[in-house]
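K.L.:
Below is a structure I'd like to ask you about.
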Amino acid sequence: MSSKFAASPASPPAAKALEVEGLSYAFGQRKVLDRVSFAVDRGCCAILLGPNGAGKTTLFSLITRLYDSREGSIRIAGYDVRKAAGRALAQLGVVFQQPTLDLDLSVLQNLRYHAALHGLGRRQAEQRIREELERQGMYARRGEKVRQLNGGHRRRVEIARALLHEPRLLLLDEPTVGLDVPSRKAIVRYVHELAGSGRVAVLWATHLIDEIDDGDRLIVLHRGRIRAAGSVREVLDQTGSADVGMAFDRLTRDAA
Ligand SMILES: Nc1ncnc2c1ncn2[C@@H]1O[C@H](COP(=O)(O)OP(=O)(O)OP(=O)(O)O)[C@@H](O)[C@H]1O
């Protein structure tokens, strides 16, 4: 297991999985991210918690280079996304908010295509596809068209796809939206196991506090600004709250 998930030798060994420093972004005159700074350690599950419109998707668009900002910096596994975009993005796996699988291709075809985009050879691709699908109990479904799968299983395939190239950071943008309770629970459990295994660090955007585990790091974003960051315990202490729901309410009141 350790050799399979070893970091690229070219990457700085001590780097954090993600470092965001002083990042701002505006749509025209409207600033939607304002001097955002935080870091995600290796093997950590960090929850980016914010209400609708907080700026979570915009932040993800900057991390993935869909958007560009000259104000501030983003480093993935030590690589600056502007100065070393190729290396930085090679360390990144993403599950976007909107599903992006081709419904008319099989699970296997979707994953093979993605593996090829990342430059995996055929044999390595088959091995990695098998490993990631087996971990989520989806290998037996590999020949089925994605259209035949339910929403929860489609999300599992997207998570498997995001991990094929063994990234150091996995971004998940509200991946449980629209799923039923058992599917949500399965994904929440699996992603936490994944982070706990140390294979990959996770940054999970959500506004659902029941997706948070006690061991997670919290980054609370509201109206484009970080309102709190730290362990669950630290955020509860900072806000004098009995639980995360109370802390979230206090940090995201309009006057906050
Ligand atoms: N293309 C755009 N043009 C102008 N404003 C935008 C655009 N995309 C997002 N915004 C605005 O930027 C702010 C942040 O939006 P963003 O989608 O990043 O928030 P979010 O936290 O991801 O919200 P949600 O949970 O609803 O997805 C919102 O006020 C939104 O209306």
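K.L.:
Hey, got the dipole for the range 156-256? About the Cα centre, +1 on K and R Cβ, -1 on D and E Cβ, debye to the nearest 20? If you can, show how the numbers build up before the last one.
P.N.:
Details: 14 positive and 16 negative charges, 53 e Å.
Around 260 debye, computed over the range 156-256.
K.L.:
Tell me, in nm to one decimal, what length is gained between Lys145 and Asp210 on full extension, where the rule is 0.36 nm per residue of separation less the Cα-Cα distance?
P.N.:
Details: separation 65, 0.36 × 65 = 23.40 nm, distance 3.17 nm.
Roughly 20.2 nm would be gained on extension.
K.L.:
Another one. Relative contact order of the chain: what whole-number percent is it, with Cα pairs under 8 angstrom and at least 6 residues apart?
P.N.:
On the way: 460 pairs, mean separation 66.9, N = 256.
Normalised by residue count, the contact order of the chain is 26 percent.
K.L.:
For the range 125-160, list residues with backbone N below 11 Å from a point placed 7 Å from the Cα of Tyr113 toward its Cβ?
P.N.:
146
K.L.:
Once amide H atoms are placed 1.01 Å from N in the peptide plane, what residues at a sequence separation of 5 or more from Leu218, or on another chain, have their amide H within under 5 Å of its amide H?
P.N.:
When sequence neighbours closer than 5 places are left aside, the close amide H contacts are Ile47, Gly230, Ser231, Val232.
K.L.:
If you don't mind, another one. With r defined as the distance between the Cβ atoms of Glu21 and Asn52 and R0 fixed at 25 Å, what FRET efficiency is calculated, to the nearest 0.05? Walk me through the intermediate numbers first.
P.N.:
Values: r = 26 Å, r/R0 = 1.03.
Given R0 = 25 Å and the Cβ-Cβ separation, E is 0.45.
K.L.:
First obtain the Kirkwood hydrodynamic radius of the range 30-158 from its Cα pairs, then insert it into the Stokes-Einstein equation at 4 °C and 1.567 mPa s, and state the resulting D in µm² per second as a whole number. List each step's numbers first, then the result.
P.N.:
On the way: Rh = 16.9 Å.
Estimated via Stokes-Einstein, D reaches 77 µm²/s.
K.L.:
Taking R0 as 22 Å, what FRET efficiency do you get between Lys31 and Asp80 from their Cβ-Cβ distance, rounded to the nearest 0.05? Don't jump to the answer; show the numbers that get you there.
P.N.:
Values: r = 22 Å, r/R0 = 1.02.
Computed FRET efficiency for Lys31 and Asp80: 0.45.
K.L.:
Something else about it: With θ taken as phi - 60° and the coefficients 6.51, -1.76 and 1.60, list the Karplus ³J(HN,Hα) couplings across the range 138-150 in order, rounded to whole Hz; mark glycine and proline as x.
P.N.:
10, 5, 5, 9, 4, x, 7, 5, 4, 4, 7, 8, 6
K.L.:
In a Gaussian network model over the chain where Cα atoms closer than 10 Å are linked, find which of Ala186, Ala140, Ala195 has the largest mean-square fluctuation.
P.N.:
Looking only at Ala186, Ala140, Ala195, the largest GNM fluctuation is found for Ala140.
K.L.:
Short version: ³J(HN,Hα) in whole Hz for each residue of the range 226-236, in order, from phi by Karplus 6.51 cos²θ - 1.76 cosθ + 1.60 (θ = phi - 60°), x for Gly and Pro, what are they?
P.N.:
Working through the residues one at a time gives 6, 9, 6, 8, x, 5, 4, 4, 4, 5, 5 Hz.
K.L.:
Which residues' amide hydrogens lie under 5 Å from the amide hydrogen of Leu18, considering only partners 5 or more residues apart or on another chain, with H built in the peptide plane?
P.N.:
Long-range HN contacts for Leu18: Val40, Ala77.
K.L.:
Please state the charge dipole magnitude for the chain, taken about the Cα centre, from unit charges on C-beta atoms (+1 on K and R, -1 on D and E), reported in debye and rounded to the nearest 20.
P.N.:
On the way: 39 positive and 30 negative charges, 158 e Å.
Dipole size: approximately 760 debye.
K.L.:
What list of ³J(HN,Hα) couplings, whole Hz, do you get for the range 57-70 from phi and the Karplus terms 6.51, -1.76, 1.60, once you set θ to phi - 60° and write x for glycine and proline?
P.N.:
My calculation for the range 57-70 gives 5, 4, 4, 5, 5, 6, 5, 8, 6, 5, 10, 10, 9, 8 Hz in order.
K.L.:
Among Ala242, Ala54, Ala201, whose mean-square fluctuation peaks in a Gaussian network model of the chain (Cα, cutoff 10 Å)?
P.N.:
For the chain, modelled as a Gaussian network with Cα springs under 10 Å, the answer is Ala242.
K.L.:
Next question, about the same structure. When the convex hull of the Cα atoms of the range 139-206 is projected onto a plane and the area is averaged over all directions, what value comes out in nm²? It would help to have the intermediate numbers written out before the result.
P.N.:
Numbers: hull surface 19.3 nm².
In nm², the orientation-averaged hull projection of the range 139-206 is 4.8.
K.L.:
For Lys145, go through the lysines and keep the ones whose alpha-carbon is under 30 Å away, minus same-chain ones fewer than eight residues off.
P.N.:
Result set, ordered by chain and number: Lys4, Lys185.
K.L.:
Between Glu134 and Gln98, 0.36 nm times their residue separation minus their Cα-Cα distance comes to what? Present the calculation step by step, with values, prior to reporting the outcome.
P.N.:
Working: separation 36, 0.36 × 36 = 12.96 nm, distance 2.39 nm.
So the chain would gain 10.6 nm between Glu134 and Gln98.
K.L.:
Let me ask something else about it. Pick from Arg65, Arg156, Arg217 the residue whose mean-square fluctuation is largest in a GNM of the chain, springs joining Cα atoms under 10 Å.
P.N.:
Answer for the Gaussian network model of the chain: Arg65.
K.L.:
Rounding to the nearest 10 and keeping the result within 0 to 90°, find how far the Cα-based axis of helix 181-196 lies from the longest principal axis of the chain.
P.N.:
90 degrees
Read-outs throughout are calculated quantities, based only on the coordinates presented, and are distinct from any laboratory measurement. Not measured: the values here are computed from a predicted model. Note: ideal-geometry Cβ built from the backbone for every residue, glycine included; neighbour counts use all protein chains shown.
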